[in-house]
Amino acid sequence: MLEPVRRPLLRETAHRLIREAIVRGELPPGSVVRDAELAERLGLSRAPVRDALARLADEGLVRTKPQSHTRVTPIDAGEVRDAAAVVRAMHELAARTGVPRLTAEHLATMTEANQRFDAAVRAGDADEAMRADDELHDVLVAACGNRAVAATIDRYTPLIRRLERLRFSVPAARESVARHERLIEACRGADVEAAVRVTAEIWHELEELAD
């Protein structure tokens with residue numbers, strides 16, 4: 001939950017914490033958010049919070065009515081579908097360029113993340129499952145070394161995660177464990193095309209979720 005920030009941090013921290021609260025549903029769709037209240041809860045001045053809300057408006061997570069209020073946006077299936085298509089394309093590119101650069105340490109990180117994903121799914125912990133899922137895929141994103149890919153994924157993934165968390169399904173998530181294992185095996189064998197195919201399959205499922 002939102003807690004006071006214990007040391008002075010920049011607007012990036014305010015943006016991250018508020019965005020996480022929106023994705024978790026702590027700040028639900030349609031709720032009014034006030035910079036003064038958020039600033040107090042986070043232990044920040046209002047300036048970085050205002051900057052964070054402006055950025056979140058650009059990302060489609062809040063909508064600001066001048067001289068009135070700021071609300072968390074409703075979940076829009078069309079926007080989620082569009083975001084999922086973009087994120088899928090970026091992850092495919094990350095796999096295509098990142099797989100040849102993977103090390104044994106990268107593969108160990110992916111394996112450990114999938115183990116935590118599996119444990120979280122079994123426990124019905126949607127938040128931990130999504131954190132582990134992000135960490136697994138982030139390995140390829142980091143390995144590909146493309147900052148534009150990383151920035152685009154960071155920009156659009158929260159729109160997907162908000163719906164995914166709302167409709168979290170343990171049976172469906174268990175299927176993702178097996179897909180992750182297939183992805184890791186493709187990476188271990190340096191099979192770029194197989195890794196791209198599995199990646200496309202994983203993220204295409206989220207496009208279908210919007211439908």
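The values are calculated or read from the model by the stated rules, or taken from the named source; none is laboratory data. Nothing here was measured: the structure is a model prediction, and the numbers come from that model. Heavy atoms of the whole protein, side chains included, go into the accessibility calculation; ligands, DNA and RNA do not. Shrake-Rupley method; radii C 1.70, N 1.55, O 1.52, S 1.80 Å.
Tabulate in residue order the Karplus-calculated ³J(HN,Hα) for segment 135-143, using 6.51 cos²θ - 1.76 cosθ + 1.60 with θ = phi - 60°, rounded to whole Hz; enter x for Gly and Pro.
In residue order, the calculated couplings are 5, 4, 6, 5, 4, 5, 4, 5, 5 Hz.
Work out from phi, with θ = phi - 60° and the Karplus expression 6.51 cos²θ - 1.76 cosθ + 1.60, the ³J(HN,Hα) of each residue of segment 76-82, listed in order in whole Hz, and give x for Gly and Pro.
After applying 6.51 cos²θ - 1.76 cosθ + 1.60, I find 10, 4, x, 5, 5, 4, 5 Hz.
Which of these values of Rg and Dmax of the Cα atoms in Å was calculated from the structure shown: [x] 17.1, 61; [y] 17.9, 57; [z] 16.7, 57?
Matching entry in [x] 17.1, 61; [y] 17.9, 57; [z] 16.7, 57: [y].
So with the 1.4 Å probe, I'd like the accessible area per residue for segment 135-211, rounded to whole Å². Let's see the in-between values first.
On the way: 3670 Å² over 77 residues.
That works out to 48 Å² per residue.
Helix 11-24 sits at what angle to the longest principal axis of the chain, using alpha carbons and giving 0 to 90 degrees rounded to 10?
70 degrees
Only helical DSSP H runs with n ≥ 4 go in: add -39500 (n - 2.57) per run for the chain, normalise by residue count and round the 222 nm mean residue ellipticity to 500 deg cm²/dmol. It would help to have the intermediate numbers written out before the result.
On the way: 9 runs with 154 residues, N = 211.
Helix contribution divided over all residues of the chain: -24500 deg cm²/dmol.
Could you please state, rounded to a whole Å, how far the C-alpha centre of segment 8-80 is from the C-alpha centre of segment 92-162?
Value for the Cα centre distance between the two parts: 24 Å.
Amide H of Val62: which non-local residues (sequence gap of 5 or more, or other chain) have their own amide H closer than 5 Å, using H built in the peptide plane?
Amide H neighbours of Val62, under 5 Å, 5+ apart: Ala57, Thr73.
Give the long-range amide H neighbours of Val33: residues separated by 5 or more places, or on another chain, with amide H under 5 Å away, using H modelled in the peptide plane at 1.01 Å from N.
Thr70, Arg71, Val72
Per residue, how many Å² of accessible area does segment 71-123 show with a 1.4 Å probe? Numbers along the way, then the final one.
On the way: 2600 Å² over 53 residues.
Heavy-atom accessible area per residue stands at 49 Å².
Could you identify which residue out of Arg55, Arg24, Arg41 has the top mean-square fluctuation in a GNM of the chain using Cα springs shorter than 10 Å?
Arg41
Carbon and sulfur atoms: what percent of the 1.4 Å accessible area of segment 61-207 do they account for? Before the final figure, lay out each step's value.
On the way: 3640 of 7190 Å².
With neighbouring chains kept in place, the figure for segment 61-207 is 51 percent.
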